[in-house]
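The values are calculated or read from the model by the stated rules, or taken from the named source; none is laboratory data. Because the structure is predicted, anything quoted here is derived from the model rather than measured. Here the Cβ positions follow ideal geometry from the backbone for every residue, glycine too, while neighbour counts run over all protein chains shown. When the accessible area is computed, the model is the full protein with side chains, heavy atoms only, and any ligands, DNA or RNA have been set aside. Shrake-Rupley method; radii C 1.70, N 1.55, O 1.52, S 1.80 Å.
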Amino acid sequence: LVIGPFGLHAFSGRTDWRQTNVAMMAKYRSLWPQDHWWYLANEAFTEVEGGLIRQGRARAEKAWQVRQTGTAAHSMSHAHIEDNAQDEGLAFVDMWLAGPGVGSDMRHHIHWHKSIFEFDMGRSNADHASHHFATSLSAAVSDPMPLSTFSDNASFLWRAKLRDYVTPAPY
């Protein structure tokens, strides 16, 4: 739990935590097999979050080719967001949610990514957003990881409020 927005570096108060994550992952790259899906997916995530979008996206695609896990799907969807590939990203998360993602503990967070794509692309209206929240994001129907559920739902509700959408109560 060192990398990522809830990791040790991010919570340390450092303003350069994203770059610190990138440097740490690069430092330990040689200790992992070149085709290790977990390492590839996590290094991809840190690279994308650290501004190395093309490099991170290529690594995320490689991780996805090795194993279609929630971790790889997460890295791929972040790469799509940061690469302004919303159409491709929405198609990807829809495919993942309908197939490999069924039953994954990353399902809630990938649904959050889906809502971000839809918000960014103008494909969401108040009714659609409310339905998506009620059926896929509300803790009443999906709570695999409480911290992610809390932060994703707060982010979703804030984005909906910015658009003057009324959404159901979060719980």
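Below, the figures for the structure above:
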quantity	calculated
Solvent-accessible heavy-atom area per residue, rounded to whole Å², over the range 1-139 at 1.4 Å	49
Stretchable slack from residue 54 to residue 163, in nm (0.36 nm times residue separation minus alpha-carbon distance)	36.2 nm
Acute angle (nearest 10 degrees) that the helix 53-66 long axis makes with the longest principal axis of the chain, alpha-carbon atoms	90
With Cα atoms, 0 to 90° folded angle of helix 17-28 axis to the chain main axis	40
Spacing of the two label points (7 Å from each Cα toward its C-beta) at residue 155 and residue 2, in nm	2.3
Mean Cβ neighbour count within 10 Å, used as a protection proxy, ranking 41-51, 27-37, 135-145, 118-128 highest first	41-51, 135-145, 118-128, 27-37
Cα-based helix-to-principal-axis angle, 37-49 vs the chain, degrees rounded to 10	70
CD proxy at 222 nm, helix term only [per DSSP H run n ≥ 4: -39500 (n - 2.57); per residue of the chain; nearest 500]	-19500 deg cm²/dmol
Tensor-based shape of the range 85-171 (alpha-carbon gyration tensor, a/c under 1.5 rounded, otherwise prolate or oblate)	oblate
Set of the range 37-70 residues, backbone N closer than 20 Å to the point 7 Å along the Cα-Cβ line of residue 27	39-52
Lys, Arg +1 and Asp, Glu -1 on Cβ, resulting dipole of the range 90-171 about Cα centre, debye, nearest 20	100
Straight-distance crosslink candidates among aspartates and glutamates, where the alpha carbon sits under 20 Å from residue 27 and sequence neighbours closer than 8 are dropped	16, 35, 43, 47, 49
Among [x] 28; [y] 38; [z] 33, the entry derived from the coordinates for percent of Cα pairs over 25 Å apart	[z]
Rh (Kirkwood; distinct C-alpha pairs) - the range 1-54, Å	11.2
Computed magnitude of the charge dipole of the chain (debye, nearest 20; Cβ of K, R +1, Cβ of D, E -1)	340
Among 11-20, 81-90, the order from most to least packed when residues are scored by Cβ within 10 Å on average	81-90, 11-20
